[in-house]
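Notes follow once the structure below has been shown.
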Amino acid sequence: MQVYIAKDGLGAAALAAQWMMEAYASGSRRFGLATGQTMVPVYQQLVARVREADPSCRVRAVETFNLDEYVGIAASHPGSFRSFMENHLFIPLDFDRGRTHVLDGMARDLAQECQRYQAELDRAALEFQLLGIGRNGHIGFNEPATPWDSRTHRIRLSPETLEQNRDSFPGEVPQEALTMGIGSILQAEQIVVVALGADKTDAVTRAITGPRDLECPASALQDHPRVRYILDPEAGQGVLLSPNLQNHLEIIQHS
Ligand code: F6R
């Protein structure tokens with residue numbers, strides 16, 4: 001596992017965008033994508049870089065799979081993850097929508113929707129998975145105690161996550177979501193986790209330097225052969241101070 005500590009949030013976002021461009025340049029076409037505040041600057045940086053590299057702004061060959069979506073929220077709702085992706089990435093770069101996959105939180109049969117999505121993931125075999133991390137260590141919407149071999153499933157959001165999401169929903173915050181499982185996430189060939197800000201310090205420190213612990217879903221990533229974290233100095237402060245740094249952990253500080 002490698003941990004990069006960027007000089008600030010913008011530097012972290014720029015590095016994540018650079019690695020996505022590099023993955024594309026070396027042949028990756030199937031990307032797992034995340035939403036959330038951390039991803040706003042990441043996608044801003046990515047859009048700028050793709051536009052610079054390809055002024056026609058078409059990324060027709062790329063296929064994307066989003067981690068999660070709220071239950072009971074239409075794709076057109078401004079708080080849906082589909083809307084987030086449209087606004088921050090798919091519209092600016094004119095993605096081929098037939099190749100952008102987001103779970104349908106309005107599906108009549110949600111169990112069947114999860115099975116359908118997982119089958120698509122199994123077919124696609126993601127080459128690159130982008131992740132954020134929740135304050136409670138969740139990845140996707142896999143809340144603490146989610147089994148590590150879980151596949152795409154329906155989940156009840158924890159009180160911390162509901163609190164974290166309150167700003168996106170002026171009305172009632174959705175209580176449930178569909179999410180790729182931890183097992184689904186671990187299938188990706190490489191994983192990049194981005195975390196920004198002091199409210200992520202605890203989760204990041206536990207995920208990277210703590211024991212593998214069901215209560216910290218991101219600690220499941222310790223078992224994956226190709227994981228890189230990108231942190232800003234606030235999110236990374238606990239890792240730098242930790243007495244439990246494992247030998248195989250490489251910390252690279254960017255100036
Ligand atoms: C979103 C997702 C979540 C977020 C996490 C961090 O698709 O999967 O795991 O990455 O909740 O959210 P922010 O970036 O808003 O702090």
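Report yes if PHE65 is within 16 Å of the ligand (Cβ to nearest atom), of a type in the set (Phe, Trp, Tyr), under 24 Å from LEU162 (Cα atoms) and out of contact with any Ser or Thr (no Cβ under 8 Å at 6 or more places or on another chain), otherwise no. Against the criterion (within 16 Å of the ligand (Cβ to nearest atom), of a type in the set (Phe, Trp, Tyr), under 24 Å from LEU162 (Cα atoms) and out of contact with any Ser or Thr (no Cβ under 8 Å at 6 or more places or on another chain)), PHE65 qualifies.
Mind listing just one residue for me: the one in the stretch 119-137 that is part of a loop (DSSP other than H, G, I, E, B) and within 15 Å of the chain's Cα centre (by Cα) and, of those, farthest from the ligand (Cβ to nearest atom)? Steps first, please.
Within the stretch 119-137, the first condition is being part of a loop (DSSP other than H, G, I, E, B), and the residues that meet it are 125-127, 132-137.
Next, only the ones that are within 15 Å of the chain's Cα centre (by Cα) stay: 126-127, 132-137.
On the way: LEU126: 14, GLU127: 18, GLY132: 2, ILE133: 6, GLY134: 4, ARG135: 7, ASN136: 9, GLY137: 10 Å.
Among them, the one singled out is GLU127.
Within the stretch 17-25, is even one residue in contact with an Asp or Glu (Cβ under 9 Å, 6 or more places away or on another chain) and on the phi < 0 side of the Ramachandran plot? Looking for residues that are in contact with an Asp or Glu (Cβ under 9 Å, 6 or more places away or on another chain) and on the phi < 0 side of the Ramachandran plot, one finds at least one in the stretch 17-25, hence yes. Residue under question is ALA203, and the condition is that it be within 13 Å of the ligand (Cβ to nearest atom) and at pLDDT 95 or above; does it hold? Yes, satisfied. Summed over the stretch 138-155, the residues that are of a type in the set (A, V, I, L, M, F, W, C), in contact (Cβ under 8 Å) with a residue 40 or more places away in the chain, farther than 17 Å from LEU33 by Cα and within 14 Å of the ligand (Cβ to nearest atom) give a count of 0. Every residue in the stretch 161-176 that is near the ligand (Cβ under 9 Å from one of its atoms) and within 14 Å of HIS138 (Cβ to Cβ), please. Matches in the stretch 161-176: THR161, GLN164, ASN165. Scanning the stretch 213-255 for residues that are within 24 Å of THR179 (Cβ to Cβ) and modelled with pLDDT under 95 returns a single hit, ASP223.
The values are calculated or read from the model by the stated rules, or taken from the named source; none is laboratory data. Keep in mind that this is a model prediction, so the values were computed, not measured. Counting neighbours? That spans all protein chains shown, and the Cβs are built from the backbone with ideal geometry, glycine included.
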